[in-house]
1. Step by step: first the residues of region 209-222, then only those that are surrounded by fewer than 16 Cβ atoms within 10 Å (Cβ to Cβ) and free of Cβ contacts under 8 Å to residues at least 24 places away in the same chain, then the one that is nearest to residue 239 (Cα to Cα). Which residue is that?
2. If I ask for residues that are near the ligand (Cβ under 6 Å from one of its atoms), under 15 Å from residue 351 (Cα atoms) and either at pLDDT below 95 or in a loop (DSSP other than H, G, I, E, B) (or both), which ones from region 46-64 would you list?
3. Does residue 113 satisfy being over 11 Å from residue 162 (Cβ atoms), surrounded by 12 or more Cβ atoms within 10 Å (Cβ to Cβ) and at pLDDT below 95?
4. From 62, 18, 77, 27, grab the single residue that is touching a strand residue (DSSP E or B) at 6+ places or on another chain (Cβ under 9 Å) and either more than 20 Å from residue 229 (Cβ to Cβ) or without any contact (Cβ under 8 Å) to a residue 24 or more places away in the chain (or both).
5. Within region 128-155, can you find the residues that are farther than 23 Å from residue 265 by Cβ and touching a helix residue (DSSP H, G or I) at 6+ places or on another chain (Cβ under 7 Å)?
6. Residues that are assigned to a helix (DSSP H, G or I) and either exposed (fewer than 14 other Cβ atoms within 10 Å of the Cβ) or in contact (Cβ under 8 Å) with a residue 60 or more places away in the chain (or both): does region 191-203 have at least one?
Ligand SMILES: Cc1cc2nc3c(=O)[nH]c(=O)nc-3n(C[C@H](O)[C@H](O)[C@H](O)COP(=O)(O)OP(=O)(O)OC[C@H]3O[C@@H](n4cnc5c(N)ncnc54)[C@H](O)[C@@H]3O)c2cc1C
């Protein structure tokens, strides 16, 4: 996958997708698979915004049982399955536990009933999944196991625990990239650091978009197209102007933290908050918001998610230390044994999500929009060929993408399309013998590591390993040992995955900066290789390093 802005102006596209978060990425893939020619344009790096900030749980929708919302449950079940099929190396089963209290709504009996119903609705949740990715049925566990799994759990009225199985996208950033790479194999053109600044119309019908190449001093390209899908996340209203209802949309801040403590080992644990939370749509109101503690990369715990109303513009969004402290105080109330302080926070996720204003009257009751929505601007703004995606959940993006493409197909007037043909990954035409001989026992370990990170793409990274071994300069094998990163991976990110900045590599292509601030020596080493490949000066290196460090300035 190479960055090539010049091809955008040379031809007409059926569909231009604005924004390469999880919604833009999945829509680009489904549209190109359906035979549309597609350009996917992203003003930052692929998946850099809300989609990089999720708690990474791919929900199967059990919570919607509370709302009696079968449709949302089925959407979540099918989407989760679709993600687990698409990237089995990145989306893995997650065992979740919630302590049960008394014998009423929060009791074991009620949870057992809920699991019974859920398992019926989710009868096909494992169809097509590999054995190690199949999700077991929900169950209840006894008091002893809950006390072992959640040391210090509030014991008054505790009757046991409810266990269910969801999924965790171990790397949401790479998952977005996987969808984009697959779309490109089908013939889509995807470009990062390219901002759509205008949508052109003729007689109320879209004819083109104008995009600025942010890496080339804002060079502008006019891209002809029939349809525009605005999947710009918190920037949804920016291009649509005042005429659109989107301008009135309110947004909520959502925050997770990552702490350098492994609070719970076996399960992700859901614990109830203390302040009242009125879920206005729930048939069965539990009255408190859940805090979720997710074991993360062996030595960390991710905790989320807290919401508050946001007043500013998307471009001005920034988190404060006070907001982190407030969230931390809430977590300490919910789980005092965690005894967390600001020093324990090694990373955080923060983003903006569409808020449902009508549900925000009570304390701690910021309510998000119920489900993701496709807006046809022909109906709302007399603008033909333009659609907006208001995405509330990472999980349901594949189902929304299919719905979007169904609408495209229904409204399509063209008789025939010149569908691109799928370009399979080129075979690895290299002799692995010398590499295997040179690496010895390390080879199987590296192979396993690469398979886990890149799935079937692992061979594309091996190509650079072989090159490194052949190189007269004898490149070092590992740039970082923990978290691991091979020099070959870095070359792959730059040459095959459009990484153009140190932040792209640290936060989205590799695992180096996903949980805590990278070691300065490692950062310098990585920046040094990038300088060699991308012709950076010493000044560039320092600027790139400082941008990475900026992300941790609050901590
Ligand atoms: C803290 C937090 C926790 C969450 N936890 C979960 C969870 O556990 N499970 C779950 O399912 N969901 C979760 N979510 C929700 C989920 O992350 C979002 O719903 C989803 O990522 C939104 O994706 P998107 O593609 O709509 O938006 P984004 O990811 O924001 O993508 C929009 C993209 O459009 C680009 N863009 C904007 N304007 C332009 C332009 N003019 N030209 C080109 N590009 C443009 C932006 O740069 C951006 O990359 C969480 C969210 C947050 C913030």
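1. Among those residues, the one meeting the criterion is 210.
2. 48, 49, 53, 54, 55, 56
3. no
4. 62
5. Within region 128-155, 128, 129 meet the criteria.
6. No: region 191-203 contains no residue that is assigned to a helix (DSSP H, G or I) and either exposed (fewer than 14 other Cβ atoms within 10 Å of the Cβ) or in contact (Cβ under 8 Å) with a residue 60 or more places away in the chain (or both).
Table: residues versus (1) in contact (Cβ under 8 Å) with a residue 60 or more places away in the chain; (2) within 26 Å of residue 272 (Cβ to Cβ).
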{"position": "335", "(1), (2)": "yes, yes"}
{"position": "340", "(1), (2)": "yes, yes"}
{"position": "345", "(1), (2)": "yes, yes"}
{"position": "349", "(1), (2)": "yes, yes"}
{"position": "357", "(1), (2)": "yes, yes"}
{"position": "366", "(1), (2)": "yes, yes"}
{"position": "374", "(1), (2)": "no, no"}
{"position": "386", "(1), (2)": "yes, no"}
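Per-residue answers, yes or no, for (1) within 30 Å of residue 517 (Cα to Cα); (2) buried (at least 21 other Cβ atoms within 10 Å of the Cβ):
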{"position": "224", "(1), (2)": "no, no"}
{"position": "228", "(1), (2)": "no, yes"}
{"position": "233", "(1), (2)": "yes, yes"}
{"position": "236", "(1), (2)": "no, yes"}
{"position": "241", "(1), (2)": "no, no"}
{"position": "251", "(1), (2)": "yes, yes"}
{"position": "257", "(1), (2)": "yes, yes"}
{"position": "261", "(1), (2)": "yes, no"}
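The values are calculated or read from the model by the stated rules, or taken from the named source; none is laboratory data. What you see is a predicted model; the values in this text were computed from it and never measured. All Cβ positions, glycine included, derive from the backbone under ideal geometry; neighbour counts span all protein chains shown.
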